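Each remark here refers to the structure printed beneath this line.
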Amino acid sequence: MSSRVEILNDGGFRSDGRKQYELRDITIDLSQQGTADGSAIITHGLTQVMVTVFGPREAKMRSQTLHDRAVLNVEMSVAPFSTGERRKRSRADRRILELSAAIESTFEPVVQTSLYPRSQIDIYIHVLQQDGGLLQACINATTLALITAGVPLLDFVCAVSGGVHSTEPLLDLTTLEENDLPNLTVAVMPRTRKVTLVTMETRLHVERFRDIFELACEAGQTIHKEMKRAVKDRTVALVGAMDAGAKHPSGDPDRDLTMEDR
Amino acid sequence: MISFASFPSTSEASASYAQARHPPEVEEELGMDLDEDDFDEGVQRLTVPGEPITSSHAFMRGHGTFVDNEEVIASVAGTVERVNKLITVRAVRSRYNPEVGDLVVGRITEVQPRRWKVDANSRQDAVLMLSSVNLPGGVQRRKLESDELQMRTFFEEGDLLVAEVQAFFSDGAMSLHTRSLRYGKLRNGQLVSVPPILIRRLKSHFVALPCGVDLILGLNGYIWVSKHVKESEQEGEEGFDAEAVYSNRNDVIDDATRIAISRVSNIIKVLAAHFVPLTDTVLLEAYEWVVDQESHVKDLLHDEFGEHLVASLGVGIRQ
């Protein structure tokens with residue numbers, strides 16, 4: 001067992017040098033991707049996911065059209081080069097279908113689909129790099145992409161993964177940790193603190209569950225701050241550009257913009 | 001209990017109509033009068049989904065908001081707008097929200113019994129009824145069975161057209177009409193698609209640029225850039241000529257006009273990429289600047305050149 005990497009060493013550091021409750025570096029890119037209505041690229045450490053949203057638009061699948069609300073259609077593709085070992089996954093891979101179903105059911109209660117009867121909202125998820133926390137990255141990126149597409153949401157959905165090493169809870173797991181530890185992913189709506197998704201594919205002692213669950217809910221708030229900042233920056237930039245353009249040529253481009261910080 | 005439909009109801013439409021028609025200076029003055037509570041006017045307020053805006057006791061919720069726990073909460077990221085007691089949040093970027101009377105450019109996606117389906121960049125395909133188009137042989141003619149059978153001779157799948165929003169169906173889908181000589185099938189040009197919010201309501205959405213290019217600024221974000229047609233050559237009332245109106249053939253377009261069309265299209269794409277609202281003055285200025293540079297049309301596609309263009313106009317940002 002000497003060759004094995006220590007999950008949590010004596011100094012309280014994890015294999016990548018983080019503390020127990022430390023999240024990985026998050027970067028968010030909300031720039032326009034092609035003809036998509038909304039798009040977002042999020043990285044959690046080495047995990048990178050791109051989501052593009054099309055719609056609400058005319059439902060192409062007549063049979064699945066709902067007369068009172070929009071249909072969410074989640075399609076996920078995993079790049080063959082995204083993992084350590086190169087492997088091509090088909091679109092119909094069970095694992096992928098399962099993940100997209102989880103994402104669909106996470107967003108079903110959050111998106112105000114009743115505003116768009118007979119429409120369809122397409123969410124295309126592209127996994128570019130994987131290093132643990134795949135579901136959390138997909139959910140966070142989908143939230144951001146839906147917001148950039150102007151789709152009405154009840155709230156952000158912020159997801160984070162967590163695990164337990166013997167009795168110590170850890171947050172935001174890498175692949176290495178995910179393989180060794182019982183882990184779960186929690187998605188929360190930060191304003192109401194409602195939970196829209198909890199998944200656990202491993203076994204965990206029932207007494208440990210509460211700790212890690214509460215911790216993950218708390219971490220969701222932190223991720224919310226990051227996501228909110230990214231969305232606000234984009235809004236300020238776009239509104240600023242529009243105002244400058246609208247006032248052109250005589251107006252002043254430095255119109256006051258304020259953001260409520262709560 | 002007041003219920004809100006997902007599409008513009010008449011009262012709201014008229015409210016936003018009044019707001020949209022004022023020139024900016026007047027609007028600011030009006031804004032002063034409306035000053036009340038925690039709404040400091042003149043400063044734009046921006047929100048993100050899930051952010052509380054105000055109490056639901058004092059205000060009514062409009063588009064882009066919902067009520068929870070006696071608070072009006074934003075559901076989209078954008079600017080907060082207020083008309084008296086009505087709070088709405090306008091998303092920075094979203095699909096086109098149709099309103100009656102809007103001019104739109106669309107593409108036929110389907111031919112159905114007595115109607116066409118039109119993609120107009122909205123949440124559902126628009127409907128163009130056979131009874132809402134001008135048919136050959138007089139404007140006020142009854143639609144016959146024979147017309148139903150030859151609908152594809154008027155509009156086919158993939159055809160582009162310019163139309164006006166006539167009404168809404170109960171599910172919020174819009175119904176179009178082309179009962180004007182200005183509306184109908186489009187040819188002699190090219191389509192450019194931009195975010196709908198960049199197209200403001202103008203006095204006229206038919207713009208003729210002096211470089212021999214006509215523009216149709218559809219409020220749904222579709223812009224038709226085409227060869228200039230002289231007023232006198234437009235198909236007249238008496239000589240309503242179905243051949244010409246529903247023709248699928250382009251006229252002969254000389255090289256100079258082709259270059260002008262692609263130049264204008266590229267300018268629009270550059271301005272849209274920098275999120276600059278499109279008006280005829282901005283476009284004209286940009287066109288003059290580009291011609292001054294004596295550059296090739298395709299230079300506009302380089303990021304750097306585009307940035308120079310936008311900088312020279314003193315507008316916009318790089319996203």
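The values are calculated or read from the model by the stated rules, or taken from the named source; none is laboratory data. This is a predicted model, so every value here is computed, not measured. As a convention, Cβ positions derive from the backbone with ideal geometry for all residues, glycine included, and neighbour counts pool all protein chains shown.
Couple of notes before you dig in:
- Condition broken by B:Trp289, with the remaining ones in (1) of a type in the set (Phe, Trp, Tyr); (2) buried (at least 18 other Cβ atoms within 10 Å of the Cβ); (3) part of a helix (DSSP H, G or I) satisfied: (2)
- The strands (runs of 3 or more DSSP E) found entirely in the range B:120-194 that carry 1 or more residues being farther than 23 Å from B:Ile261 by Cβ are B:126-129, B:160-168, B:174-177.
- Answer from A:Thr83, A:Thr65, A:Thr106 - the residue that is surrounded by 11 or more Cβ atoms within 10 Å (Cβ to Cβ), within 14 Å of chain B (Cβ to nearest Cβ) and touching a residue at least 12 places away in the same chain (Cβ under 8 Å): A:Thr65
- Annotation: of all residues in the range B:69-78 being touching a strand residue (DSSP E or B) at 6+ places or on another chain (Cβ under 6 Å) and buried (at least 21 other Cβ atoms within 10 Å of the Cβ), the one that is farthest from A:Leu144 (Cα to Cα) is B:Val72.
- Verdict on B:Phe305 being assigned to a loop (DSSP other than H, G, I, E, B), modelled with pLDDT of 85 or more and in contact with a helix residue (DSSP H, G or I) (Cβ under 8 Å, 6 or more places away or on another chain): no
- Pair list, Cβ under 6 Å, 6 or more apart: the range B:114-125 residue under 11 Å from B:Pro98 (Cβ atoms), other residue aliphatic (A, V, I, L, M) and buried (at least 24 other Cβ atoms within 10 Å of the Cβ): B:Ala120/B:Val104; B:Ala120/B:Ala126
- None of A:Val78, A:Val74 is surrounded by 19 or more Cβ atoms within 10 Å (Cβ to Cβ), among the hydrophobic types (A, V, I, L, M, F, W, C) and closer than 24 Å to A:Gly220 by Cα except A:Val74.
- Residue within the range A:197-215 that is in contact (Cβ under 8 Å) with a residue 12 or more places away in the chain and surrounded by 23 or more Cβ atoms within 10 Å (Cβ to Cβ) present: yes
- Residue selected from the range B:244-260 under the condition in a helix (DSSP H, G or I), out of contact with any Lys or Arg (no Cβ under 6 Å at 6 or more places or on another chain) and modelled with pLDDT of 85 or more, by the criterion farthest from B:Asp214 (Cα to Cα): B:Asp255
- Top-ranked residue in the range B:42-53 [being among the β-branched types (Val, Ile, Thr) and over 9 Å from B:Val80 (Cβ atoms); ranked as modelled with the lowest pLDDT]: B:Val43
- Summed over the range A:111-127, the residues that are surrounded by fewer than 22 Cβ atoms within 10 Å (Cβ to Cβ) and within 22 Å of A:Ile41 (Cβ to Cβ) give a count of 3.
- Scanning the range A:103-140 for residues that are within 29 Å of B:His63 (Cα to Cα) and of a type in the set (A, V, I, L, M, F, W, C) yields a total of 10.
- B:Ala91 being surrounded by 23 or more Cβ atoms within 10 Å (Cβ to Cβ) and within 19 Å of the chain's Cα centre (by Cα): yes
- Subset of the range B:168-187 that is over 21 Å from B:Glu99 (Cα atoms) and out of contact with any helix residue (DSSP H, G or I) (no Cβ under 9 Å at 6 or more places or on another chain) - its residue that is modelled with the lowest pLDDT: B:Arg187
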